[in-house]
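Have a look at the structure below before the remarks.
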Amino acid sequence: MAWIGLVLAGLVAIYSATHGPSADVTAFEPEDNFIKQLLWLGISVFGVLVALMLPVRFFQLAAFPVYIITTALLVVALLIGREVNGSKSWIYFGQTGIQVSELAKVGTVMAVAQLVGMRRPKTMDLKFAFMLVALILVPAALIVLQNDTGTALVFFGLIPIALFWSGIELNLLLVMVGPAFAGYLAVVFAPAAYLFAIVFTGFILWRTRDKRITIVTGLLTGGITALAKIAMTKVLSGYQLARVLSFTDPGAEEFRQNVGFHQVNSMAAIGSGGFAGKGFMEGTQTQGGFVMEQSTDFIFSVIGEEFGFIGSVVVLGLFALLLVRLLTLGSNIKHPFGVMMAGGVTGVYLIHIFINVGMATSLLPVVGIPLPFISYGGSALLANSALFAIVLSLHLKRDDFSIYGY
């Protein structure tokens, strides 16, 4: 099973990152992380077994209550939570901390799936789309206020995925996704962003023949590009701007010794692994403690250095297998709640994988986001396992869904 393979790969990488010579040269990778991850794995396995025994009706009825509870926890964390690595998204019970933004993913995906499941046939309109987007934006806004940019990006990225799986018209989906791409280009190379805005607006006009949609498209893509430029020149501080721009050339002198340090050493580690890797606990960058946060945000560099191209491909292959399997399970359910649940979970995993590997290979800025089932983190492991277990449970009991489909 892909889930088991990924969890085992994560345990191996975490052990190497925290029990080799690196444990003697850095204070950021405590050796007990491996034991803690094992304990959280035990809790996650128990949770998976419980989820497999629950009826589908339970998940449908619990969707909105879980969403309300997890959103309330986000408020609590914002008010009285503990700040960890600059993000005030943790609630501590004694010595045990829970990152509530991870739990909010479960509640949000369930609530979106339930909203889609409650929709009557042929009622996909803008009002429904705005309701769906609002469900996602509420926790996303709270997470932004907690200064947890990486997790907030997962929620924002979930919006077009949820709209697509809910059956929104393709033209409207393109209009909503286009500005995000324009914003990315604005950071990398502003002229390319403006060119994209013009070409994309023309494409929408050709495709829809609707002047109103075309005007909205032009305003959104051009507006996002302009806002990104204003933010980079007038709003962001020097350090914040450097962190955003560092991924374009982390080895540049102005980045290499500060915000680009992580990515330079991460790429050095992955590149030095070659085809077959240097061997378990033999990576010079990993064991020398040169890659910061190497058991969490940059754990892919550990796999790349010590297990090489082969190990990296195996891990990415397991992820691909998991994503395809989730979509297959969802398509077999034949009920909008189950289909949306599978699509949402797949989207959450895909966003995590894309951003985390992008950070490690300097394709994307460093925003602090774990690799599902691989990175150290009990809250993330529990939340990701819960999402997987719900989809699996819904598939196993797919015949128990209402025959009316809503």
Farthest positive-ward along the chain dipole, Cα basis, beta-carbon charges - from Val45, Met341, Ile80: Met341
What nm distance separates the two modelled labels at Ser331 and Ala226, each placed 7 Å from Cα along Cα→Cβ? 4.3 nm
Got a sec? How would Lys105, Lys278, Lys127, Lys88 order by Cβ neighbour count within 10 Å, fewest to most? Lys127, Lys88, Lys278, Lys105
Where does the stretch 62-142 land on Rg(C-alpha)/(2.2 N^0.38 Å)? 1.27
Distance between the stretch 172-189 and the stretch 322-377 - C-alpha centres, whole angstrom: 21 Å
Lys and Arg at +1, Asp and Glu at -1: add these up for the other residues within a Cβ distance under 13 Å of Phe337 and post the number. +4
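Around Lys278, what is the net charge, scoring Lys/Arg as +1 and Asp/Glu as -1 over all other residues with Cβ under 11 Å from its Cβ? Provide the component values of the computation, followed by the final result.
On the way: positive: none; negative: Glu282, Glu305, Glu306.
Overall, the nearby charge balance is -3.
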Bin width 5 Å, origin at 0, all Cα-Cα pairs of the stretch 169-235: what percent of pairs per bin? 3, 21, 30, 22, 13, 7, 3, 1
Roughly how many nanometres apart are two label points built 7 Å out from the Cα toward the Cβ at Val76 and Arg209? 5.6 nm
Roughly how many nanometres apart are two label points built 7 Å out from the Cα toward the Cβ at Val313 and Val50? 4.1 nm
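Quick check: residue separation of Val216 and Met1 times 0.36 nm, minus the Cα distance between them. What number comes out in nm? Walk me through the numbers on the way to the answer.
Numbers: separation 215, 0.36 × 215 = 77.40 nm, distance 4.54 nm.
Net length gain for the segment: 72.9 nm.
Quick one: which of 40-52, 141-153, 361-373 comes out on top by average Cβ neighbours within 10 Å, and what's the full order, highest first? Provide the component values of the computation, followed by the final result.
On the way: 40-52: 15.2, 141-153: 20.5, 361-373: 22.5.
Descending packing order for the listed peptides: 361-373, 141-153, 40-52.
Every number here is computed from the coordinates shown, using simple stated rules; none is lab data. Just so it is clear, the model here is predicted, and its values are computed rather than measured. Ideal geometry is used to build each Cβ from the backbone, glycine not excepted, and the neighbour counts take in all protein chains shown.
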